[in-house]
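Colleague: Please find one structure pasted underneath; my questions will follow.
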Amino acid sequence: MEDIRIKAEPSKGKHDIALIGFPGSGLVGSISMQYLVDNAGFEYVGSITSKYFPPIVMMMDGLVNAPLRIYEKDSMFAFVSDIPIHPTISYELSNTIIQWLKDYDVGEINVIAGIVTNTLEKRVFGVATEQGLLEKIKDHTEILSMGSISGVPGSILSDCKALEIPCIGFLGETVNTPDPRSAVSVLEVLNKVYEELNVDVKPLMEQAEEIEATMQKMAEQVQKTEEQQQVPKKEHLPMYG
């Protein structure tokens, strides 16, 4: 699609695996993938741009970053997005990514996302486009027996199924707030499935604990403020003629 452009210069040759994370429930995909590329020796190789993306630019240490970036380590690609993608272009974006990966003979695509449940166990659910891949991940994830996956992760899984490209989805159990603890759970699973990653998740877990403590304090402050601003009882309301 001409309106979605990939500008990247990775090393030549076959790449075995692609890991892809987009914002979604709990920001699990974005948090886990950004932590991975920052701490597992990945190198920036390019970006994806489109006139349909939100007009947002990200900064880190004063430097402007593309909101959707591509990284490389040995025979792995990693895609990290800081921006939500509108559903109307999810298919076009996923198709563009898949076609680009086919040029590098990528043998397996993995999408990382969050899934909202009614519990707080931080489990990691697994889905795949073929039975053999379920066998690969069944000892490290809970196979999702029923459910739906939306957005770019859903489009990538759907396209890979149609094109017979091996694809796995790792879904971190989360709530609809930034959830680094769920990202830790996903990264721990990725470490087991792809031992060459070997990323240390302890710093992210410490960060998760700090975020949770901050959020707890904020919740307590909000509750205290609400108690102080309770609506007066009816008999105490002023009367006007």
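Colleague: So what are the ³J(HN,Hα) numbers for segment 47-63, from phi and the Karplus equation (6.51, -1.76, 1.60; θ = phi - 60°), rounded to whole Hz, Gly and Pro as x?
Modeller: 8, 10, 10, 6, 5, 8, 6, x, x, 10, 10, 9, 10, 9, 6, x, 9
Colleague: Which lysines have a Cα less than 20 Å from the Cα of residue 224, not counting those fewer than 8 places away in the same chain?
Modeller: Correct list for residue 224: 233.
Colleague: Here is a follow-up. Quick check: from the Cα gyration tensor, does segment 1-51 come out rounded (a/c under 1.5), prolate or oblate?
Modeller: Oblate, because a/c is 1.5 or more while a/b does not exceed b/c.
Colleague: Let me ask something additional. Once amide H atoms are built 1.01 Å from N in the peptide plane, which residues 5 or more positions from residue 110, or in another chain, come under 5 Å H to H?
Modeller: Residues meeting the criterion, in which the H sits 1.01 Å from N, are 18, 19, 20, 168.
Colleague: Sticking with this one: Given only helices, namely DSSP H runs of n ≥ 4 each adding -39500 (n - 2.57), what is the per-residue ellipticity at 222 nm of the chain, to the nearest 500 deg cm²/dmol?
Modeller: It comes out at -11500 deg cm²/dmol, rounded to the nearest 500.
Colleague: Taking θ as phi - 60°, what are the ³J(HN,Hα) couplings along segment 22-35 by the Karplus curve (6.51, -1.76, 1.60), each to the nearest whole Hz, with x for Gly and Pro?
Modeller: Karplus-based 3J(HN,Hα) across segment 22-35 equals 10, x, x, 4, x, 6, 4, x, 5, 5, 5, 6, 5, 4 Hz.
Colleague: Which of the aspartates and glutamates could a cross-linker bridge to residue 51, judged by Cα under 14 Å and excluding same-chain residues fewer than eight apart?
Modeller: Filter leaves 2, 3, 92.
Colleague: Roughly how compact is segment 4-228, stated as its Cα Rg over 2.2 N^0.38 Å to two decimals?
Modeller: Relative to the rule-of-thumb radius for its length, segment 4-228 sits at 1.02.
Colleague: Whole Å is fine, so just give me how far the alpha carbon centre of segment 151-175 lies from that of segment 1-21.
Modeller: Going from one Cα centre to the other spans 17 Å.
Colleague: Hey, another quick one. Any of 7/102; 14/102; 73/102 with alpha carbons more than 20 Å apart? Name them for me.
Modeller: From 7/102; 14/102; 73/102, over 20 Å: none.
Colleague: Once you have a ≥ b ≥ c as the square roots of the Cα gyration tensor eigenvalues for segment 33-137, tell me rounded if a/c is under 1.5, and otherwise prolate or oblate according to whether a/b is larger than b/c.
Modeller: rounded
Coordinate-derived values only; no laboratory data. Quantities reported herein were computed from a predicted structural model and do not represent experimental measurements.
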